[in-house]
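Data block below; observations after.
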Amino acid sequence: MSHDTLRRPRPVKTTGRPSAARTAGRRRHWTRRPNPLAGIGSVLWLAVVIVPIYAMISSSLTHQDKALGKNALVPPTDPTFDNYNTVLHNGFGHLLLNTVIVAAAVVAIVLVLCIPLSYVAVRSRTFWSGAAFRLFLLGVAIPAQAVVVPLYLMIAKLNLYDSLLAVILPTAAFAMPVSVLILTGTLRDISEEMYEAMALDGASTTRMLFQLVIPMTKGGISTVVIYSSLQAWNGFLFPLIFTQSDGPRVLTLGLFNYVSQFGVNIPALLASVVLSGIPIFAVYLVARRALVGGLMGVGGK
């Protein structure tokens, strides 16, 4: 037998199953198949979202004497920024600063308290940790309107009335139940093997919290940041009940007062709404990817 015969490669036996590359190609082909119903639904939903925003911006660029008789969907022929100038020179900066302080303080309080609470609720198996978690779940079902009178009495007893703390503390308290619920669901996505590996390395509970839990729950933390900041930014009940003077006034209460201040100056009111929505929209743009990951329950992994 010659050496060429020995070196000849053996024929590869083929089975009836398709190869992995062929299967992946079929899957890619199936995922790229057009879906007209989904496209139509996306366009309709985009119109529902974009049209009111466009109408608001278009009306805010219109002169006051032309606002009532103008179609909001028609772009202004002579756009003007006088409405924005009117808003900016009527205490808008003070309202914006107070709202930023309230939102930042609420987010800080919620994160500092809810992350350790959620960690204990997931990792601890004691009766008290389970009772505390159920107590926070009970807070989801309690509306703010039902306890506004006891809150008013408590704030008056603590001499916090007509201050930013009177708005910050209740807002953070009512944002914590949902935040704990979100974070506990995200923390459960972390596998037990990761905790065991860090425990074998001699990691303490505090080290696990800062080196494992927080980096692995960026999606849930971003979701909590967006949720709590929206609660603080759009809150109206607590600033209305717990503040009185112009010092601690926030944007929502300022917009409410603009109705009587500007009278029928609808473009100026819409200009103030546009300006008040820009900061929170910027926060969403920064954290949108982690937010979507947290809402999908992947925990940012």
Practice task
Report those helices (runs of 4 or more DSSP H) wholly inside the range 153-211 carrying at least 3 residues which are among the aliphatic types (A, V, I, L, M) and open to solvent by 20 Å² or more (accessible area, probe 1.4 Å).
Solution key: 165-187, 192-200
Handout entry: Filtered residue count, the range 209-235, keeping only those that are within 20 Å of Glu193 (Cα to Cα) and β-branched (Val, Ile, Thr)
Key = 3
Practice task
Kindly list, by first and then second residue, each pair from a residue in the range 243-263 that is in the same structural domain as Ser276 (by TED's automatic domain parsing) and open to solvent by 40 Å² or more (accessible area, probe 1.4 Å) to a residue that is at pLDDT 70 or above and of a type in the set (Phe, Trp, Tyr), limited to pairs with Cβ atoms under 8 Å and residues at least 6 apart or on different chains.
Solution key: Gln244/Tyr161; Phe256/Phe236
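Only one of Leu68, Leu73, Leu96, Leu113 is over 20 Å from Ile168 (Cβ atoms) and under 30 Å from the mean Cα position of the chain (by Cα). Can you tell me which? First the steps, then the outcome.
On the way: Leu68 fails: under 30 Å from the mean Cα position of the chain (by Cα); Leu96 fails: over 20 Å from Ile168 (Cβ atoms); Leu113 fails: over 20 Å from Ile168 (Cβ atoms).
So the residue among Leu68, Leu73, Leu96, Leu113 that is over 20 Å from Ile168 (Cβ atoms) and under 30 Å from the mean Cα position of the chain (by Cα) is Leu73.
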Practice task
Select from the range 24-45 the residues that are under 23 Å from Gly277 (Cα atoms) and modelled with pLDDT under 85 and list them in ascending order.
Solution key: none
Exercise for the section: Inspect all residues belonging to the range 92-99 and state whether any of them is outside any helix (DSSP H, G or I), open to solvent by 90 Å² or more (accessible area, probe 1.4 Å) and either more than 14 Å from Asn265 (Cα to Cα) or not assigned by TED's automatic domain parsing to the domain that holds Met176 (or both). Expected result: no
Handout entry: Qualifying residue in the range 272-293 (condition: at pLDDT below 70, outside any helix (DSSP H, G or I) and over 11 Å from the mean Cα position of the chain (by Cα))
Key = no
Exercise for the section: Check whether at least one residue in the range 172-189 is assigned by TED's automatic domain parsing to the domain that holds Asp246, at pLDDT 90 or above and farther than 15 Å from Val224 by Cα, and report yes or no. Expected result: no
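The values are calculated or read from the model by the stated rules, or taken from the named source; none is laboratory data. This structure is a prediction, so every number in the text was calculated from the model and none was measured. Glycine gets a Cβ as well: all are built from the backbone with ideal geometry, and neighbour counts include every protein chain shown. Areas reflect the complete protein model, heavy atoms only, side chains present, ligands, DNA and RNA absent. Shrake-Rupley method; radii C 1.70, N 1.55, O 1.52, S 1.80 Å.
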